[in-house]
1. So what's the net charge close to Glu158: Lys and Arg +1, Asp and Glu -1, counting the other residues with Cβ under 13 Å from its Cβ?
2. Going by a ≥ b ≥ c, the root eigenvalues of the Cα gyration tensor, does the chain fall in the rounded group (a/c under 1.5), the prolate group (a/b larger than b/c) or the oblate group?
3. Counting residues in region 186-279 as N, plug N into 2.2 N^0.38 Å and put the Cα Rg over that result.
4. Estimate the FRET efficiency between Asp74 and Arg204 by the formula 1/(1 + (r/R0)^6), using the beta-carbon distance for r and 35 Å for R0, to the nearest 0.05.
5. Quote to one decimal, in nm, the extra length available between Ser222 and Asp49 on full extension: 0.36 nm per residue of separation minus the C-alpha distance between them.
6. What Kirkwood Rh does region 126-174 have if only Cα atoms enter the pairwise 1/r average? Answer in Å.
7. Starting from the Cα gyration tensor of region 124-206, multiply each eigenvalue by 5, take the square root, and state the resulting semi-axes largest first in whole Å.
8. Per the helix-only calculation at 222 nm, which mean residue ellipticity applies to the chain, given -39500 (n - 2.57) for every DSSP H run of n ≥ 4 and division by its residues, nearest 500 deg cm²/dmol?
Amino acid sequence: MKTIKSPDEMQRVALDLKRAGKTIGFVPTMGFLHEGHLSLMKLARTRCDVLVVSIFVNPTQFGPAEDLDAYPRDFERDEFLCAQQGVDLIFYPEPGAMYSADSSVWVDEEALSGVLCGASRPGHFRGVCTVVAKLFNLVQPDLAVFGEKDAQQLRVIERMVRDLNFPVEIVRGPIVREPDGLAMSSRNKYLSEEQRRHALCLRRSLDLITSSVSKGTRNVSSLRKSMVDLIGEIPGAEIDYIEFVADDSLKPVLEVADRTLVALAVKFGKTRLIDNTVLVV
Ligand code: AMP
């Protein structure tokens, strides 16, 4: 396994691999790896000759009041975990090498990015789309795996690939959870022991409405209220949003239909956690 820091070298190596007829699989991450990231690597590993993982805490997707500086980092541990998954190349650029001081071209998705996390984090998906477009140009992947944990991000990236004709297959990786149900996230590290216990309310609220839907409830305002009530009882839990939207358009729905996406974000102190499920009726 080799680590490449220079964007130019990454692109040269990738183009050489393509010329040699190799297929490239790609898993973009911000590092501080956990089983969720590793599951994406396992998925990609079976489907390509060369597996590239990027580790880059992308500054352009963080708002001014967000946790860019505090974001957890541990490159040595990440390197070890990548080696265990059979990763061939780690792309680990410095932020200064990825963006020129006078960068002025951005990729903006305009239909799916303004709701859910995009409403609470203005500019977030512009940063995500721009960095993923740049990474695709540098890594030249045939396929790239993204986690369903970030449901909106996945759909925004799929839309970008479709609308800008990137020759990349986007593969969806299922959400990996802790044994008690909390979706794995690098940000779980911020939680105190008590907040960690309280954080189970995200998954519990999703389980609650999944069960109501399976018993026939379709009315979104009553389903949403049962989630608000459950989370409202948890000390310190502050709801950022709970939304029921159509899976493909991310437009709000009033009645649950097949493939309604339920997504929520809840804050515990400064830590904002997200989770989601797709309801099948
Ligand atoms: P991040 O390092 O948080 O930017 O995440 C990198 C990739 O890992 C994204 O495609 C995420 O959706 C995915 N990911 C993060 N957490 C999980 C999880 N618990 N299960 C599956 N995929 C995940």
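1. The answer is -3.
2. Details: a/c = 1.79, a/b = 1.63, b/c = 1.10.
Judged from the Cα gyration tensor, the chain comes out prolate (a/c at least 1.5, a/b above b/c).
3. Values: Rg = 13.3 Å, N = 94, 2.2 N^0.38 = 12.4 Å.
Compactness ratio reported: 1.08.
4. Details: r = 30 Å, r/R0 = 0.86.
Calculated transfer efficiency: 0.70.
5. Numbers: separation 173, 0.36 × 173 = 62.28 nm, distance 4.92 nm.
Here the segment from Ser222 to Asp49 would lengthen by 57.4 nm.
6. Values: mean 1/r = 0.0926 Å⁻¹.
In region 126-174 this quantity evaluates to 10.8 Å.
7. Working: eigenvalues 188, 33, 25 Å².
For region 124-206, the ellipsoid semi-axes come out as 31, 13, 11 Å.
8. Numbers: 10 runs with 105 residues, N = 281.
Only helices count here, giving -11000 deg cm²/dmol.
Where a number appears in this text, it was derived from the coordinates with a stated rule and is not lab data. This is a predicted model, so every value here is computed, not measured. Note: ideal-geometry Cβ built from the backbone for every residue, glycine included; neighbour counts use all protein chains shown.
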